[in-house]
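Nothing in this text is a laboratory measurement; each read-out follows from the coordinates by a stated rule. The structure displayed is predicted, hence computed values, not measured ones. Glycine gets a Cβ as well: all are built from the backbone with ideal geometry, and neighbour counts include every protein chain shown.
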Amino acid sequence: MPDIHYDDSQYKVRDDIVAAHQRAWDRISSAGCWLTGEERTKVMAETRHARTCPTCAKVKEALSPFTVTDAHDAGTDLPQNWVNMIHLIVADPGRLTHSWYKKTLDSGIPDTHFVEIVSIVAHTTAIDTFARGIGVPVRDLPAPQTGEPSNYRPAEARQHQAWAPNIAWDEFGPNEADYFVGPEANIRRALTLVPDEARGFFDVVAAQYLAGPQMRDFSREFRAITHLQIELLAARVSALNQCTY
Amino acid sequence: MDYSAIIGGAAAGDTGVEHGVILIELAEAILDTDDARLETARLAVAERMGASALVDSVAVAALFNGIDRIADATGAPLEQTKADATVELRSEIGINVFGDQKEALEAAEGKSAAE
């Protein structure tokens, strides 16, 4: 398993966070459902590179992110349409539109690949931001592992109100019965076109935020900060990202 | 709880949540590029709330910096029950402006595609 730790931090990091990050690094560097391990680690690298892209800086300042037509500064040899997609999700997530989603698919990125790339961008963002927050450099990217994508697309996934197809809370099949537990939440459905990505991301959620039952149990606190303090932090970050979910 | 700090940030003042002001500042500093600001915010939380609270606070802020991108890139809608239950809250916080802005961008894109 790839080694990721925070021994260089002056603040002790909970063991369950370290373990979740190690599992994430292992998953992302392995072949996914649609991308190889090499492609997935390049998506991680491109996510990091986007943070210093001059075109992304222009996008953030523009009245509309879609009026900036300069090429993004690619840090990998990923296809340009992948680079464009990754950079915009990193730079300006709050102003992504359904039209952007459709154009991205029209550029040649299948919906399955789209969801898998979104997941890797989100994993990398959450884990890199954690490192920045506690005052250590971003962790070394994992070396890509060999293997072929499974090409698994759940038969139950279909188009609903969200842009990307997903599995409805009451329509999951036997392969996904382990995942669809607890109260319905659209954010938990968001990645279910690629179920392993949904499972993986919510493994990180349970460590960095709270596990499902803990979110709803106000009879006790599970962290060194209260439920209210947790939600205050979450709400402020989401507001800064202009996220309305 | 005073919700104005969710949109207004640290400048909006006391949130009514214990240590709310330094937590808001930490959340902002983590997403900012100013390393000195982040160091100051980090020390404030560590000194007043403890190292474990700092790590847990950073973990939450960082997680939402990732999960927001999932919601926004996949177009995940707010559940109708939550939307119905938070009409006043969302108005009070002022986050409806983000949805309005997105609708305007969508309309502009549609217009430009038609031309």
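When we screen A:VAL205, A:VAL138, A:VAL181 for residues that are among the hydrophobic types (A, V, I, L, M, F, W, C), over 30 Å from B:GLU92 (Cα atoms) and within 12 Å of chain B (Cβ to nearest Cβ), the only hit is A:VAL138.
For the criterion of being of a type outside the set (A, V, I, L, M) and crowded, with 20+ Cβ neighbours inside 10 Å, A:SER119 passes.
In this structure, A:GLN229 does not satisfy being facing another protein chain (nearest Cβ under 7 Å) and in contact (Cβ under 8 Å) with a residue 60 or more places away in the chain. For segment A:63-85, a residue qualifies if it is within 24 Å of B:PHE64 (Cα to Cα) and more than 10 Å from chain B (Cβ to nearest Cβ), and the qualifying residues are A:TRP82, A:VAL83, A:ASN84. When segment B:16-34 is limited to residues that are at the interface with chain A (Cβ under 7 Å from one of its Cβ atoms) and within 12 Å of A:VAL237 (Cβ to Cβ), the one that is surrounded by the most Cβ atoms within 10 Å (Cβ to Cβ) turns out to be B:ALA27. From B:VAL45, B:VAL87, which residue is more than 7 Å from chain A (Cβ to nearest Cβ), of a type in the set (A, V, I, L, M) and touching a helix residue (DSSP H, G or I) at 6+ places or on another chain (Cβ under 8 Å)? Of the residues listed, the single one that is more than 7 Å from chain A (Cβ to nearest Cβ), of a type in the set (A, V, I, L, M) and touching a helix residue (DSSP H, G or I) at 6+ places or on another chain (Cβ under 8 Å) is B:VAL45. Is it the case that A:ARG40 is buried (at least 22 other Cβ atoms within 10 Å of the Cβ) and either more than 26 Å from B:ASP32 (Cα to Cα) or within 14 Å of another protein chain (Cβ to nearest Cβ) (or both)? Judged against the criteria, A:ARG40 is a match. For B:ALA46, state whether it is over 30 Å from A:TRP169 (Cβ atoms), in contact with a Ser or Thr (Cβ under 6 Å, 6 or more places away or on another chain), among the hydrophobic types (A, V, I, L, M, F, W, C) and surrounded by 14 or more Cβ atoms within 10 Å (Cβ to Cβ). Judged against the criteria, B:ALA46 is not a match.
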